[in-house]
1. Can you tell me the FRET efficiency between K136 and N102 if r is taken as the Cβ-Cβ distance and R0 is 22 Å, rounded to the nearest 0.05?
2. Within region 120-229, report the GluC sites (Glu not before Pro) that DSSP leaves as loop and that have at most 11 other Cβ atoms within 10 Å.
3. Taking neighbour counts of Cβ atoms within 10 Å as a proxy for exposure, in what order, fewest first, do K190, K126 appear?
4. Return the sequence-ordered ³J(HN,Hα) values of region 104-109 in whole Hz as given by the Karplus equation 6.51 cos²θ - 1.76 cosθ + 1.60 applied to θ = phi - 60°, using x for Gly and Pro.
5. Which lysines, on any chain, are close to K201 with Cα under 21 Å apart, when same-chain ones fewer than 8 places away are left out?
6. Could you pull out every one of the lysines with an alpha carbon less than 18 Å from that of K125, ignoring same-chain neighbours closer than 8 positions?
7. I117: net charge of surrounding residues, Cβ under 14 Å, Lys/Arg +1, Asp/Glu -1, itself excluded?
8. State, to one decimal in nm², a quarter of the convex hull surface area for the C-alpha atoms of region 50-145, i.e. the direction-averaged projected area.
Amino acid sequence: MCDLGRIVGVTPLVILKRTSPAGYCGEVNSRIAYLFTLVAVGVAFCVPSRADSDGSFCTAKGYLVYEVREGITPGVTGHVLRVVRFEPQRGIYAAGEVTLQNFQVHHMVCSQDRVEISGWGNIFKKYTIDIAGPEKPKVVDFAEDPTRRFDPAKDGPDPPQFDYAQAGPVALESLDPDHQYTLWLSASEKNVEGGVEHYRKAELTQADAQGTVSQRLVLYENRFLETID
């Protein structure tokens, strides 16, 4: 089995503070409501994005793209869109990245040859990125609109994010007849002294018809601590 290693490192522990007793009850109710929302949705991709977060992603046949941001994912400079391909001859491999201006992503669509990604920083920003052919991805169009305001009715739904998408396997389409490619989204929680430790992970695997994994690539890991007073 070929372990391709990690594209990004583990995020240092982020501490979220929970108040008590009234605040604690409110948080518990919020967490229960959130879990019921996930069950009702029932799919990995229907989740809201969070302010000051990253890990938004989308997929199309033969590739996956995701974005990471400085100050959220360690080892990242600026705001970066990364492309990972999976093909018959090469299997899984990193196919390049594009540097973006800093903004919170609210829209991300993968098509056969292009990716559209947009959102708000200080103003609305939108990129169109060409990923066709063997060349590195490149920006072919960029637009800003200082007058545009976010409207959930028109600008949603937000793309899925590694931190908040429902845990489980996501089968990916490819042109490889001999292998199945799967995005594995993992989520776990454990009680520790002072709170609850949350762990999130996104990993891409290649497996044969018998389910034997021959390649794997960790795309994203995040660990944060939610404290209870």
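Throughout, read-outs are computed from the coordinates displayed, never taken from laboratory work. This is a predicted model, so every value here is computed, not measured. Using ideal geometry, Cβ is built from the backbone for each residue, glycine included, and neighbour counts are taken over all protein chains shown.
1. 0.55
2. Values: sites: E135, E144, E173, E189, E193, E197, E203, E221, E226; in loops: E135, E173, E193.
Counting only loop positions with at most 11 other Cβ atoms within 10 Å, the GluC sites (Glu not before Pro) in region 120-229 are E135, E193.
3. So the ranking, lowest neighbour count to highest, is K190, K126.
4. 7, 6, 10, 8, 7, 9
5. Output for K201: K190.
6. K138, K154
7. Overall, the nearby charge balance is -3.
8. That works out to 6.1 nm².
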